[in-house]
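Student: Encoded as structure tokens, here's the structure I'll be asking about.
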Amino acid sequence: MSHEVLFDTVGEAIAVVTINRPEQRNAINAAVRKGLFEAWERFEADSSLRVAILTGSGNQAFCAGADLKEMAANSTGLQPRGTLPVLGDNVKVTKPVIAAVNGVAYAGGWLFAQMCDLCVASSKAKFGITEAKVGRGFPWAAPLIHMIPQRVMAELLMTAQPVSAQRAFEFGLVNHVVEPDQLMAKAMELAGYIAENAPLTVAAAKELIALSTDMGRTAATNAAVAMFERVYRSNDALEGPRAFAEKRKPRWTGK
């Protein structure tokens, strides 16, 4: 791993991925892109890790978007699809990821918060899709219509004005808003709850949410029935009720 992206583990089941360019407000350059691709591959490959938390270094920025100085120097126009590591698009991660937004999340930073399964924000955080200010685009924002109201999305895209963490919570982008010194504790709390649950069920929940946004009700229900058959037939499906009856914690194997 490069020093622009840090990969740490907490306990046996939680990974913390940190964008580490605080002086540049954790802007996305080539090293950050490379580091994130490597971090997500490492997280997915390690079967002992159940949940990841994505955050930024310092207390000013989660991620301020693309490094525009690097972009200008490279005369970058259209970026090919796949340039950014986007979960659920060009990066496959079957386990939950929580965004811990510690400061501004603008442009690509909004994208990184959007692509995570859950989002916890500092009360001082701000969110913005700011590309219109610099003549850039946001094809990655298309899935946002499944997450927030249409007219809120229109305002965000067209005005390019940032909103507070509280406002983002009100329209559904953020799960929890906490004081800055409680941000990682809250993210860890959620990660701990997830890590305690049956991994096959959690993975199926992530997949269910994704497919339900792409299908109608009947098709999604039929697909979910087939998807959860593996869960019902697993050893964990027997272990859960057995552990409950024996008044102990389940010993999940993911099988």
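Nothing in this text is a laboratory measurement; each read-out follows from the coordinates by a stated rule. On a predicted model such as this, the values are computed, not experimentally measured, just so you know. Virtual Cβ from ideal backbone geometry, glycine too; neighbours counted across all protein chains shown.
Student: Which lysines, on any chain, are close to LYS186 with Cα under 17 Å apart, when same-chain ones fewer than 8 places away are left out?
Tutor: Answer for LYS186, where 17 Å is the Cα cut-off: LYS124, listed by chain and number.
Student: Something else about it: Per 5 Å bin, what is the whole-percent P(r) computed from every C-alpha pair distance within segment 198-245?
Tutor: Cα pair-distance distribution for segment 198-245, in percent: 5, 21, 26, 19, 14, 9, 5, 1.
Student: Here's another thing I want to ask about it. Excluding residues on the same chain fewer than 8 positions from LYS95, give the lysines whose Cα lies under 17 Å from its Cα.
Tutor: Reachable lysines: LYS206, LYS255.
Student: Order these peptides, 238-248, 51-61, by their mean beta-carbon neighbour count within 10 angstrom, highest first.
Tutor: My ranking of the peptides, most packed first, is 51-61, 238-248.
Student: GNM on the chain, C-alpha springs below 10 Å: top fluctuator among VAL225, VAL17, VAL32?
Tutor: Greatest mean-square fluctuation among the candidates belongs to VAL225.
Student: While we're here: Taking the Cα centre of each part, how many Å lie between segment 5-36 and segment 93-112?
Tutor: The two parts, judged by their Cα centres, are 11 Å apart.
Student: Further question: Please turn the phi angles of segment 142-148 into ³J(HN,Hα) values with the Karplus equation 6.51 cos²θ - 1.76 cosθ + 1.60 (θ = phi - 60°), one per residue in order, whole Hz, x for glycine and proline.
Tutor: Per residue, the Karplus-derived 3J(HN,Hα) values read 3, x, 4, 5, 8, 10, 9 Hz.
Student: How high is the relative contact order of segment 33-146, in percent, counting Cα pairs under 8 Å that sit 6 or more residues apart?
Tutor: Computed over segment 33-146, the figure is 28 percent.
Student: Output the peptides 122-129, 198-205, 96-103, 169-176 sorted from most to least packed, where packing is the average of other Cβ atoms within 10 Å over each peptide's residues.
Tutor: Highest to lowest by the protection proxy: 96-103, 122-129, 198-205, 169-176.
Student: What whole-number volume per residue, in cubic angstrom, does the convex hull of the C-alpha atoms of the chain give?
Tutor: Taking the convex hull of the Cα positions in the chain, it is 136 Å³ per residue.
Student: Let me ask you something else. For SER234, SER212, which order do you get if you count the other beta carbons within 10 Å of each Cβ and list the fewest first?
Tutor: Sorted ascending by nearby Cβ count, the order is SER212, SER234.
Student: Among VAL177, GLY82, ASN20, pick out the residue whose Cα is farthest towards the positive end of the charge dipole of segment 5-195, where Lys and Arg carry +1 and Asp and Glu carry -1 on C-beta, about the Cα centre.
Tutor: GLY82
Student: About its Cα centre, what dipole magnitude does segment 1-127 give when the only charges are +1 on Lys and Arg Cβ and -1 on Asp and Glu Cβ, stated in debye to the nearest 20?
Tutor: That gives a dipole near 320 debye.
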